[in-house]
Amino acid sequence: MQFRDRQEAGRELAEQLRIRQDKGILAHPVVLALPRGGVAVAREIALVLEAPLDVLVVRKIGAPFHQEFGVGALAGDDPPLFDEATLDRLGLSEADLASVVERERKELRRREERYREGRPATELRGRTAVVVDDGVATGSTARAALRAVRNRNPERLVLAVPVCAPEAAEELRREVDEFVCLHEPRLFSSVGEWYEDFGQLTDADVLEALRGE
């Protein structure tokens, strides 16, 4: 199974969520997208559910010697969420990553200000928060995002993704009230392999989606 692009994945995922909405188990939804890739998927969902679309900025915390190697993640004003097993394996402490966390916190806030353009974060009390990304590999950023959303006291928390590694899916199910995923391939190396077109999105793409353009 391979999606043509994020828009197609979003439409297929939206159909599954619409069925739930029709059954009354997705009341008063708010769609929260993890930028940048998740925004293209989430826009399709928000249109079908007729729900507001907002962003949920999450930043990966990379190892000092290799920034692309994630050892944790950061969302909102919450404390960083570290992968303790990975830290132990690499011989790192949370104190070793203080400067990385500070840098990523600044970038997180910059992106939130850029994407929201002065709008406050959407109120989640009494609503169903539907967190959306274009796929999940390790689950570290999704887990940080979900815990940040849970702290905002939604009535119900749903994670919706087109594709997810089975190991990550097992862990993430424990974080949410419902996990909606179209495909959990047994052999999984990266999210991009499940898309024909997995081009990099820009800030302009994110802003266009959020403005409804």
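Tabulated values for the structure
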item	result
Residues satisfying the stated conditions in region 116-164, i.e. at positive phi and under 11 Å from the mean Cα position of the chain (by Cα)	G135, G139
Qualifying strands (runs of 3 or more DSSP E) (wholly inside region 26-128; at least 2 residues being over 26 Å from V180 (Cβ atoms))	58-63, 66-75
Any chance L97 is closer than 28 Å to T122 by Cα, buried (at least 20 other Cβ atoms within 10 Å of the Cβ), of a type in the set (A, V, I, L, M) and in contact (Cβ under 8 Å) with a residue 24 or more places away in the chain	no
Region 163-213, residues that are among the charged types (D, E, K, R) and either more than 25 Å from L26 (Cβ to Cβ) or open to solvent by less than 30 Å² (accessible area, probe 1.4 Å) (or both)	E167, R186, E193, E196, D197, D203, D205, E208, E213
Qualifying position, being in contact (Cβ under 8 Å) with a residue 60 or more places away in the chain and surrounded by fewer than 18 Cβ atoms within 10 Å (Cβ to Cβ), among E84, E117	E117
Checklist (1) over 27 Å from L210 (Cβ atoms); (2) outside any helix (DSSP H, G or I); (3) modelled with pLDDT of 90 or more; (4) of a type in the set (A, V, I, L, M) applied to M1, failing item	(3)
Tabulated pairs, region 7-20, first without any contact (Cβ under 8 Å) to a residue 60 or more places away in the chain, second surrounded by 19 or more Cβ atoms within 10 Å (Cβ to Cβ) and among the β-branched types (V, I, T), C-beta under 6 angstrom, 6+ apart or interchain	A14/I45
Considering residues of region 1-36 that are acidic (D, E) and more than 28 Å from K60 (Cβ to Cβ) only, the residue surrounded by the fewest Cβ atoms within 10 Å (Cβ to Cβ)	D22
Residue in region 159-175 that is in contact (Cβ under 8 Å) with a residue 40 or more places away in the chain and not in a strand (DSSP E or B) present	no
Residue match in region 186-198 (condition: closer than 17 Å to G38 by Cβ, of a type in the set (F, W, Y) and assigned to a loop (DSSP other than H, G, I, E, B))	yes
Scope region 129-153; condition open to solvent by less than 40 Å² (accessible area, probe 1.4 Å) and either assigned to a strand (DSSP E or B) or among the hydroxyl-bearing types (S, T, Y) (or both); matching residues	A129, V130, V131, V132, V136, S140
Within region 50-81, considering residues that are in contact with a Pro (Cβ under 9 Å, 6 or more places away or on another chain) and within 15 Å of L210 (Cα to Cα), the one surrounded by the fewest Cβ atoms within 10 Å (Cβ to Cβ)	E50
Only listed residue being at pLDDT below 95 and touching a Lys or Arg at 6+ places or on another chain (Cβ under 6 Å), chosen from E44, E104	E104
Count - residues of region 88-123 that are under 20 Å from R147 (Cα atoms) and of a type outside the set (K, R)	11
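The values are calculated or read from the model by the stated rules, or taken from the named source; none is laboratory data. Note that the coordinates shown come from a computational prediction; the quantities given were computed from them, not determined experimentally. We place every Cβ from the backbone using ideal geometry, glycine too, and count neighbours over all the protein chains shown. These area figures cover heavy atoms from the full protein model, side chains too; ligands, DNA and RNA do not enter into them. Shrake-Rupley method; radii C 1.70, N 1.55, O 1.52, S 1.80 Å.
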